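The values are calculated or read from the model by the stated rules, or taken from the named source; none is laboratory data. Keep in mind the model is a prediction, meaning the values are calculated, not measured. Here the Cβ is made from the backbone with ideal geometry for all residues, glycine too, and neighbour counts use every protein chain on show.
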Amino acid sequence: MEKVSKPLVNGGYPLHTFEDVESLYEVYITNPDDKNMIRRAFDFILEMHKDQKRKSGEPYYHHLIEVAYIVASLHCGPVTITAALLHDVVEDTDTSINDIEKMFGEEVAKIVDALTKIQRLKLSRITSEEFEAEDHRKIFIGMAKDIRVILIKLADRLHNLRTLGALSPERQLAISKESMEVFVPIAHRLGLDVIKSEMEDLCLKYLEPEKYNEVIKLLSKKSKTMSKSLDNLKKRLADVLFEHGIPFDISARVKSIYSIYAKMYLKGHPFNEIYDILALRIITDSEMRCYQILGLIHKMYKPVPGRFKDYIAMPKPNLYQSLHTTIVSGDGNFYEVQIRTEEMDKIAETGVAAHWAYKENSGYSSKQEQLDIEDKLHWFRDFVSMSSETANDTNAKEYVENLTQDIFESNVYVFTPKGKVIELPVGSTPVDFAYRIHTKVGDTCVGALVNGVMVPLNTVLKTGDMIEIKTSKNSVGPSEGWLEFVRSSAAKSAIRKFIAKKNAEMLREEKIAKGKQSCIDAFGDRDIDEAEMMEYLDNEKLLEHFGVDSVDDLFVAVTGRKPVPSAIIDYLHIKKTVALPQGGFAKRKSGGDCPVYAKGGGNKIAISLANCCTPLPGDDIVGYITKGKGISVHRKNCPNVAKEKERLIDVYWRSDIEFATYPVDIMITASDRNNLLVEIMNMLTLNKVIINSIHAKSNANSSATITATIQVSDAKRLHDIFAKLLSIVGVYEVDRIIH
Ligand code: MN
């Protein structure tokens with residue numbers, strides 16, 4: 001029977017028209033807007049794909065109609081059918097996701113976008129030997145997120161398998177293998193038995209052609225010899241059910257080719273010991289009737305011991321419900337009989353899809369759809385925990401856990417340079433990745449490349465990213481700052497452990513020395529030398545404030561970063577301290593002249609430049625008389641002094657100051673791109689600008705904010721630097737910061 005040569009068009013399957021799809025969904029979709037959207041999608045793909053042909057030579061849109069037909073036969077909603085029609089339009093034509101969103105709305109666009117990304121991911125990057133099917137399933141589900149995306153992808157793959165005949169033998173093998181390993185398990189997990197069984201049979205045809213043909217031969221022989229006996233049995237059962245006034249529908253089912261193959265070749269059962277090759281399926285209207293029918297059958301025919309299964313009371317993990325029994329008919333043949341309600345039958349064929357099949361006017365929404373599934377799963381989880389002593393329980397539990405995890409929990413799946421897949425919680429960074437590889441990799445991590453580009457260690461990873469970690473033997477170990485951005489608990493605890501260990505290993509003397517050095521560095525940045533720093537720190541109020549008894553204790557505390565040196569400096573309100581020299585002019589401690597003087601300022605009044613608005617020579621400034629700390633100089637527009645009236649004093653820039661530079665805080669806003677920070681730093685260095693500190697942050701709207709403290713001589717010079725910064729591609733705003 002397989003010898004008949006089939007036409008290549010649609011792989012020999014009946015070719016559907018758009019009207020066929022329409023007649024499927026018109027049963028359950030009546031809203032004119034919804035119908036109009038689907039129709040528009042069809043017209044659109046007809047136009048967009050009009051010059052494209054499939055490998056078989058038929059018009060490309062055939063494929064799109066068939067995929068839509070499959071999802072409509074699962075009673076999917078209008079958004080899903082529309083997206084099914086559009087699923088290849090972004091990848092294969094010059095339509096953009098934006099176009100789709102404009103024409104068909106955000107929901108359709110989201111689904112098409114996910115499908116396009118999955119399509120693009122291909123397996124090109126995942127061909128490494130280390131890559132395993134399980135990983136692929138995870139990536140797929142991780143990227144799909146939405147169950148509708150999974151459904152369309154399954155329908156897409158099913159139709160491609162039906163028409164596999166047009167491809168080269170290598171492609172046939174590769175696609176069959178991938179379908180078997182990746183898509184069949186997903187269909188199974190979701191209970192989509194119709195899709196799963198057909199996929200299995202189609203794949204088997206290419207993976208094991210000889211065995212496939214042998215099973216077909218055995219089957220056709222068996223059904224020929226049994227057809228009369230089967231008819232008799234059907235008739236007798238129908239008579240009895242009719243007699244008892246039980247509504248029923250009775251049909252004969254042949255076990256799928258693949259499941260016979262699996263029993264014969266994977267489990268080693270000879271063909272004539274497979275009892276359920278022919279099954280009778282009886283569908284009735286209630287659970288009660290199922291048991292009633294079972295009783296009647298067992299009264300008429302001898303059941304085979306050990307073959308009765310009550311999946312109504314104990315559903316299978318994928319929610320399958322039915323009664324199964326195997327009987328010996330009068331002529332000695334074995335038959336499996338499956339008894340179930342109509343609803344159970346629907347679930348048996350389409351699994352999860354049956355639970356949330358689109359129902360109009362029932363407040364349908366995608367959110368509701370997801371909630372419904374979750375609800376079902378909660379019910380199922382309760383069921384599992386209640387029956388936790390039953391034998392099948394491990395499978396069931398695993399099923400629920402995997403399904404909920406895969407679909408509802410957010411994970412990202414990224415690659416090692418060798419193609420191994422690493423699963424991380426959403427929001428993870430290269431540091432999380434490094435610690436997932438090995439604690440040592442995390443502890444010595446000094447940099448990271450994402451998709452070949454150097455990125456900051458706090459970059460958030462996306463599914464599909466390839467990560468390469470740079471390590472160094474000279475690394476000082478994880479920084480405490482990493483704790484602020486890592487997501488995985490493993491990374492967090494490893495970093496904490498490292499820091500705690502390092503601190504514990506240090507002797508008190510070392511801690512004092514280390515903390516002191518940190519302070520010397522920080523104060524040095526403000527032109528305060530060690531001796532002066534010690535004067536500042538030997539202050540009872542300060543020590544009390546930080547909860548320590550001595551300056552040494554303070555240094556120990558600084559080693560543990562509680563407090564950090566800058567907190568001490570903040571507490572002291574110092575950034576640049578200057579003292580008035582003879583003659584009323586401020587003199588910098590470091591020896592240079594203070595650039596600011598106050599009229600009438602006494603000899604010993606300290607004048608300092610405020611660190612909130614970092615005034616520069618050339619700025620309009622005003623002096624603020626502090627309580628006990630002399631005069632602090634602010635820019636006139638600084639909001640910190642705007643409301644002051646009485647404590648303000650006129651101050652002036654000296655005209656004869658020696659060349660010096662002053663710290664100024666700036667903020668650069670730019671559209672985020674690779675190498676942005678590097679170019680900014682190059683530009684500053686090229687212009688001999690000293691950078692005290694620089695910090696970059698990516699924003700959600702794909703912009704970046706860079707804050708920096710740079711050393712500049714005066715306002716005019718700063719103005720020139722701003723102009724140069726603005727000339728860097730992507731930079732659109734540069735500003736001074738007032739804290
Ligand atoms: Mn496709």
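Given the criteria free of Cβ contacts under 8 Å to residues at least 24 places away in the same chain and outside any loop (DSSP other than H, G, I, E, B), does S693 qualify? The answer is yes for S693. What strands (runs of 3 or more DSSP E), lying completely within segment 430-521, carry at least 1 residues that are touching a Cys at 6+ places or on another chain (Cβ under 9 Å)? By residue number, 467-471. If you check R526 against the conditions, is it in a loop (DSSP other than H, G, I, E, B), under 30 Å from L424 (Cβ atoms) and outside the structural domain of N611 (by TED's automatic domain parsing)? Answer is no for this residue.
So which residues in segment 155-173 are within 16 Å of the ligand (Cβ to nearest atom), in a helix (DSSP H, G or I) and not polar (S, T, N, Q), if there are any at all?
Taking segment 155-173 and keeping what is within 16 Å of the ligand (Cβ to nearest atom), we get 155-164, 166-167, 171.
Adding the requirement that they be in a helix (DSSP H, G or I) leaves 155-162, 164, 166, 171.
Once the filter is applied, which keeps residues that are within 16 Å of the ligand (Cβ to nearest atom), in a helix (DSSP H, G or I) and not polar (S, T, N, Q), segment 155-173 yields A155, D156, R157, L158, H159, L161, R162, L164, A166, R171.
Within segment 710-727, residues that are of a type in the set (K, R) reach partners that are part of a helix (DSSP H, G or I) with beta carbons closer than 8 Å, at six or more positions or on different chains, in the pairs K724/M683.
For segment 693-709, what are the residues that are of a type outside the set (A, V, I, L, M) and surrounded by 13 or more Cβ atoms within 10 Å (Cβ to Cβ)? Steps first, please.
Restricting attention to segment 693-709, the residues satisfying the condition of being of a type outside the set (A, V, I, L, M) are 693, 695, 697-699, 701-703, 705, 707, 709.
Residues satisfying the conditions are S698, S703, T705, T707, T709.
Note on segment 477-492: among residues that are in contact with a helix residue (DSSP H, G or I) (Cβ under 9 Å, 6 or more places away or on another chain) and without any contact (Cβ under 8 Å) to a residue 40 or more places away in the chain, the one that is farthest from T429 (Cα to Cα) is G477. Taken over segment 493-509, residues that are surrounded by 13 or more Cβ atoms within 10 Å (Cβ to Cβ) and touching a residue at least 40 places away in the same chain (Cβ under 8 Å) amount to 5. Taking segment 623-634 as the range and being part of a strand (DSSP E or B) and either at pLDDT below 85 or surrounded by 22 or more Cβ atoms within 10 Å (Cβ to Cβ) (or both) as the test, the residues that pass are G623, I625, I631, S632, V633, H634.
If I ask for residues that are under 33 Å from the mean Cα position of the chain (by Cα), more than 27 Å from A187 (Cα to Cα) and basic (K, R), which ones from segment 28-70 would you list? Of everything in segment 28-70, those that are under 33 Å from the mean Cα position of the chain (by Cα), more than 27 Å from A187 (Cα to Cα) and basic (K, R) turn out to be K35, R39, R40. Taking the listed residues L718, L677, the one that is modelled with pLDDT of 90 or more and part of a helix (DSSP H, G or I) is L718, with no other qualifying. With respect to (1) loosely packed, with under 14 Cβ neighbours inside 10 Å; (2) within 26 Å of A704 (Cβ to Cβ), the lone exception for F433 is condition (1).
Among the conditions (1) among the aromatic types (F, W, Y); (2) within 16 Å of the ligand (Cβ to nearest atom); (3) under 30 Å from E287 (Cβ atoms), the only one that F183 does not satisfy is (3).
Within segment 655-666, count every residue that is surrounded by 14 or more Cβ atoms within 10 Å (Cβ to Cβ) and either modelled with pLDDT of 85 or more or of a type in the set (S, T, Y) (or both). Please lay out each step first, then the result.
Looking only at segment 655-666, we keep the residues that are surrounded by 14 or more Cβ atoms within 10 Å (Cβ to Cβ), and these are 657, 660-666.
Filter once more, so that each one left must be either modelled with pLDDT of 85 or more or of a type in the set (S, T, Y) (or both): 661-666.
Summing the residues that are surrounded by 14 or more Cβ atoms within 10 Å (Cβ to Cβ) and either modelled with pLDDT of 85 or more or of a type in the set (S, T, Y) (or both) in segment 655-666 gives 6.
Highlighted here are the helices (runs of 4 or more DSSP H) found entirely within segment 1-103 that include at least 2 residues which are within 16 Å of the ligand (Cβ to nearest atom) and out of contact with any Cys (no Cβ under 8 Å at 6 or more places or on another chain): 32-48, 61-73, 78-85, 89-92.
Against the condition assigned by TED's automatic domain parsing to the domain that holds V254, of a type in the set (A, V, I, L, M), touching a Phe, Trp or Tyr at 6+ places or on another chain (Cβ under 9 Å) and modelled with pLDDT under 95, how does L164 come out, does it pass? Explain how you work it out, then say what you get.
Values: assigned by TED's automatic domain parsing to the domain that holds V254: no; of a type in the set (A, V, I, L, M): yes; touching a Phe, Trp or Tyr at 6+ places or on another chain (Cβ under 9 Å): yes; modelled with pLDDT under 95: yes.
Considered against the rule, which asks whether it is assigned by TED's automatic domain parsing to the domain that holds V254, of a type in the set (A, V, I, L, M), touching a Phe, Trp or Tyr at 6+ places or on another chain (Cβ under 9 Å) and modelled with pLDDT under 95, L164 comes out as no.
Table: residues versus (1) in contact with a helix residue (DSSP H, G or I) (Cβ under 7 Å, 6 or more places away or on another chain); (2) outside the structural domain of S329 (by TED's automatic domain parsing).
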residue: R148; (1), (2): yes, yes
residue: I152; (1), (2): yes, yes
residue: E170; (1), (2): no, yes
residue: K221; (1), (2): no, no
residue: N232; (1), (2): no, no
residue: D239; (1), (2): no, no
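Of all residues in segment 549-566, those that are under 11 Å from E480 (Cα atoms) have Cβ atoms under 8 Å from Cβ atoms of residues that are at pLDDT below 85 and surrounded by fewer than 16 Cβ atoms within 10 Å (Cβ to Cβ), 6 or more apart or on another chain, in G560/N503; R561/E480.
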